[in-house]
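Step one of this worksheet: look at the structure below.
The values are calculated or read from the model by the stated rules, or taken from the named source; none is laboratory data. Since the structure is predicted, the reported quantities are computational estimates derived from the model, not experimental observations. All Cβ positions, glycine included, derive from the backbone under ideal geometry; neighbour counts span all protein chains shown. What goes into the accessible areas is simple: the full protein's heavy atoms, side chains included, and nothing from ligands, DNA or RNA. Shrake-Rupley method; radii C 1.70, N 1.55, O 1.52, S 1.80 Å.
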Amino acid sequence: MTGRQPVCFIALGLFGLYCIEFGVVGILPQIIERFHVTAARAGLLVGLFALVVAVAGPALVLLAARFKRKRVLAGALLLFAVVSALSAYAPSFGALMGLRLLAALFHPVYFSLAMVAAVSMYPPQQATRASAHAFIGTSMGMVLGIPLTTWVAARFGYEMSFLFCAAVNLVAAGGLIASLPPAPASGRRSYGKQLGILRRPPLWLNIAAATLVFAAMFSVYAYAAEYLRQRTGMDGGTIGVMLAIFGVGGVLGNLLAGRLLGKGMLATVLLHPLALAGAYAMLYFFATPALAPMAVIALFWGAAHTSGLIVTQVWLSAEAVDAPEFATGLYIAFINLGVTIGSLAGGWAIERFGIQGSIASGLLFAALAMAMVVLKVVWYGAAPQPLARPAVAAPG
């Protein structure tokens, strides 16, 4: 058996996971009306979710890595399905919040073990390609989760948007149970050895770079719809089309980045902040109500934005290949921190300089990310430390 089929279900699970995390953004008006809460309070459904992932992620991944990977992955997806189904009929805002926080606890667990499982399905020289294929689910969930759940809610009702997420995760769980080969738990890695990666200064520079890349990404993307509305005058339907094109660009960008990383990791990592800066420059100077040129900009922006997922994950994990699950837990924690920093900074810049302030914020963080990569290379060299490949169990 090739690794293609299990990786497809891993990617589907990632799609379902990110529909859970970001899908509520599209139905916030219904949540506000249903539970009679303010917009600020409803927004906590996303903010507290990310906070739980950031704070609890590394420790929970460390614990979960000691159990059978297949059981943990399938169990997490089944839990996501149950949480989504119960959320559809939550009797109060507090109950809905509690259910989401439960899902947030298992978010980093599934993500971390899923990426390690995806890599184990492919030969060592194709590891980045495996990550790119798995990240298709992540990028689709992050980019299309909001408009898709919004459409389902508008077409079939509020409850169906949650039941849709439940169905996706249930199918992914069944697929993994049927197709993912069993692999032994990674408990042979002691907690001390895994925590020991935190003593590596190069790792912290890579963590800083990943955090700043996500701050750059979400300084702009968090306000994408409003930026397009103000700068181009597009209506909601047209903006939805542009965001869908953005999503297509994201999928293509992830696949391209996976190939480029396999050929030259450092060059790809250095290129990514420049690509982000180029996309932001295009948005600043060339945003237009004309559909064809704006579609080209959205396609490039989506590719530059979403490829940040695999680029930062591979760059960070390269310094901790002897503790891949824990390293990916750290990755999830710090990119969520980057999302928070970027969205807050972008909002602050908009308040003071207008909607184009978000572009300035994105450019600043992209420059800082580039600086972290250059500092790491100058001080410690481009080669990851240590140089051994992660001890990922072979399938079978």
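Restricted to region 61-72, and to residues there that are in contact with a Gly (Cβ under 7 Å, 6 or more places away or on another chain) and part of a helix (DSSP H, G or I), the residue that is nearest to PHE214 (Cα to Cα) is VAL61.
Looking for whichever is touching a residue at least 60 places away in the same chain (Cβ under 8 Å) and closer than 20 Å to ASN169 by Cβ here; the options are VAL7, VAL119. Which one fits? Only one candidate passes the filter, namely VAL7.
Per-residue answers, yes or no, for (1) surrounded by 19 or more Cβ atoms within 10 Å (Cβ to Cβ); (2) closer than 29 Å to VAL373 by Cβ; (3) within 17 Å of the chain's Cα centre (by Cα):
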{"position": "GLY247", "(1), (2), (3)": "yes, yes, yes"}
{"position": "LEU260", "(1), (2), (3)": "yes, yes, no"}
{"position": "LEU266", "(1), (2), (3)": "no, yes, no"}
{"position": "LEU274", "(1), (2), (3)": "no, yes, no"}
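Taking the criterion of being within 16 Å of ALA333 (Cα to Cα) and of a type in the set (Asp, Glu), no residue of region 212-230 qualifies.
Is region 58-72 home to any residue that is among the β-branched types (Val, Ile, Thr), open to solvent by less than 60 Å² (accessible area, probe 1.4 Å) and under 25 Å from PRO123 (Cα atoms)? Scanning region 58-72 turns up at least one residue that is among the β-branched types (Val, Ile, Thr), open to solvent by less than 60 Å² (accessible area, probe 1.4 Å) and under 25 Å from PRO123 (Cα atoms). Selection of region 20-45 for residues being closer than 19 Å to THR149 by Cβ, open to solvent by 30 Å² or more (accessible area, probe 1.4 Å) and β-branched (Val, Ile, Thr) yields VAL25, ILE32.
The requirement of being in contact with an Asp or Glu (Cβ under 8 Å, 6 or more places away or on another chain), at pLDDT below 90 and either farther than 20 Å from GLY329 by Cα or part of a helix (DSSP H, G or I) (or both) is satisfied by VAL116. Restricting the first member to region 88-105 and to residues that are in a loop (DSSP other than H, G, I, E, B), and the second to residues that are open to solvent by less than 10 Å² (accessible area, probe 1.4 Å), the beta-carbon pairs closer than 6 Å and six or more apart or on different chains are ALA90/LEU96.
Exactly one residue out of LEU163, LEU144, LEU102, LEU148 is within 19 Å of GLY308 (Cα to Cα), open to solvent by 10 Å² or more (accessible area, probe 1.4 Å) and at pLDDT 70 or above: that is LEU144.
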